[in-house]
Amino acid sequence: MNNNQPLLVIWWPKALDQARAEEEGRVIRVRYEVQSRSGDKQHGGEEALNRLPKDLPCLVLLKPTEVGLFAVVPPKLSGNKLKEALPFLVEPYLLNEPEENHVSLWSGLPDHAGGAKLAAVLGKTRARSVVTVCNQHGLKLAALSCETLRERTGHEGAAWISGQDFIVVDGIDTPLLTPTEQPAVLKVMLQRRLQQVGAPTIQASAADYGWLGQQVDGALGDNRIQAATRAPIEPLPRLLNKSLLGADELRKMGMRPMVNQLGARKLIAPALTLLVVAVLGLNALAFKAQRANAAIEAQIAETYAQALPNTPMVADPLLLIEREKRSLNAGLDTSSAQGVSALLHEVGQAMDLAPFNSMVDFAWADNTLSVRFNANVTEDQQGAALQKLKARRLEAKWLIGAKSNLPVLQVEKGPAQ
C-alpha cells in the first residue's frame with residue numbers, strides 16, 4: 001500500500017440496514033470520502049458500494065454504537081498472552097461469550113486517573129459480514145476501524161459531528177457518543193462530561209459549535225466548549241493503524257493484505273536474483289540426481305539379468321528374485337523352476353503394456369502360475385494379455401483375488417485346448 005496514495009473512507013451502515021438491503025436484494029449505499037493521507041477531503045458523497053473506486057485502499061468505519069469501548073487496566077502481559085486475555089478482561093461488560101468477539105487494546109486515555117486504556121470490542125459475526133461484503137464488491141479493505149478511536153492532537157478535548165452522531169474525546173474517559181436527533185440526551189450527557197474532575201476544554205469546528213449551541217440552549221457556559229478552525233483531532237487516515245481486526249483475521253476471512261508498494265518494489269530485484277540462483281541450483285541438483293538414479297538402475301538391471309536371465313523385469317526386481325529363491329529352496333525340481341521362469345517370461349511379454357511395477361506377487365502350484373497385479377491394470381490391458389498368451393498356445397484367464405480384490409492372471413503350463 002503506497003503511503004502517498006489517496007484513501008477511500010467508508011462510513012458503514014448499521015447491521016440492521018445492511019441486513020434489510022441484503023434481504024431485498026439491494027446493494028447498500030454508504031457515505032464515503034476520498035481523502036489524502038493528511039486527511040484533506042478530495043471528494044465524497046453517498047454512493048452504492050459497487051460504484052466505489054476499486055483501485056484505492058479502503059478504510060471502513062463501523063457505526064460507533066456497534067463497537068464497544070471500555071476503560072480497562074490491562075494485565076502485565078504482552079504478545080499472544082495479552083491477546084488471549086483481553087476477551088476475558090472485558091467479559092463483565094459483554095452480553096455474549098468472550099470468545100465470540102475481537103478485542104483490541106489502544107491508548108487514547110492518557111489522562112485517565114487509573115492509567116487505563118481503551119479496549120475495543122467487535123463481534124466476530126458482525127466483522128465477518130462486513131468483510132464478506134467488501135470482498136464481494138472488490139474493495140481493497142486495508143482496515144476496519146471506528147471513528148471513536150481517534151485521538152486528540154493536543155491537551156484540549158475535541159468534539160465533532162459525524163453523520164447522526166455527536167462525539168466528544170477528552171482523554172480522561174471513554175469517548176462520549178450521543179445521537180444528534182436527541183438534544184435532551186445530548187445536553188445532559190455533555191453537562192456531565194464537562195463537570196468531571198480534570199475535564200479539559202472542548203474545542204469544535206465553527207460549524208459544529210454553532211449547531212451545538214442551538215441544540216443545548218445555553219448549556220455551554222463557563223467557556224468550556226470553544227469554537228476553533230477545526231476540532232483538534234487526528235485525521236481519519238491515522239485509523240489505518242487502529243484496525244479492529246489484525247492482518248491475520250483479515251487474511252482468514254479471505255481479504256488479501258495490503259502491502260507497501262514502495263517496499264515491494266525495493267524487494268523485487270533481490271528476490272529475482274535469489275530466484276535465479278535457486279533455479280540454477282535446483283537444476284544442478286536435479287541433473288546430479290538423474291545421473292545417480294540412472295547409474296543405480298543400470299546396476300539393478302545388470303544384477304537382475306544375471307540372476308533371472310529368462311524372466312523380464314515386470315515387477316520389483318528384488319521381489320522377483322526373492323520369489324525365485326524361495327521356490328528353489330522349497331525343493332522344486334529343475335523342470336519346475338524352469339517352468340516358473342518360462343511362464344513368468346511369457347506373462348512379462350504379454351503384459352508389456354501394463355504400468356511399471358504393477359505386479360504385486362505370484363504363486364506356483366499344480367503347474368499353474370497365478371500372478372496378482374495392482375488395480376491400475378485396465379480391462380483393455382488384461383484382454384490384450386490374454387490374446388498374446390493364447391497366441392503362444394498358453395491357457396490363461398483373469399480372476400479376482402478373494403482376499404485382495406485385485407486382478408489375478410492364471411496361466412497353466414502346457415498347450416491350450
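The values are calculated or read from the model by the stated rules, or taken from the named source; none is laboratory data. Nothing here was measured: the structure is a model prediction, and the numbers come from that model. Glycine gets a Cβ as well: all are built from the backbone with ideal geometry, and neighbour counts include every protein chain shown. The accessibility values were calculated without ligands, DNA or RNA, using every heavy atom of the protein model including side chains. Shrake-Rupley method; radii C 1.70, N 1.55, O 1.52, S 1.80 Å.
Over 23 Å between C-alpha atoms is what I'm after, so list which of Lys41/Lys63; Lys81/Lys117; Lys14/Lys117; Lys14/Lys187; Lys54/Lys252; Lys140/Lys252 land there.
Exceeds cut-off: Lys14/Lys117; Lys14/Lys187.
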For Leu406, distant residues with modelled amide H under 5 Å away: Gly401
Lys83 versus Leu95: modelled label distance in nm, points set 7 Å from Cα along the beta carbon direction: 2.9
Inter-probe distance in nm under a simple model that places probes 7 Å from Cα toward Cβ, at Asn223 and Leu406: 9.7
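So which GluC sites (Glu not before Pro) in region 9-70 pass both tests, a DSSP loop state and at most 15 other Cβ atoms within 10 Å of the Cβ? Don't skip to the answer; put the middle values down first.
Numbers: sites: Glu22, Glu23, Glu24, Glu33, Glu46, Glu47, Glu66; in loops: Glu24.
For GluC sites (Glu not before Pro) across region 9-70 that sit outside H, G, I, E and B with at most 15 neighbouring Cβ atoms in 10 Å, the list reads Glu24.
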Coil-residue trypsin sites (Lys or Arg not before Pro) of region 13-58, DSSP, other Cβ within 10 Å capped at 13: Lys14, Arg26, Lys54
In Å², nearest 10: area of Lys390 left accessible to a 1.4 Å probe: 120
Nearest-10 value in Å² for the accessible area of Asp366, using the 1.4 Å probe: 150
Label-point separation, Asn293 to His43 (7 Å along Cα→Cβ), nm: 6.0
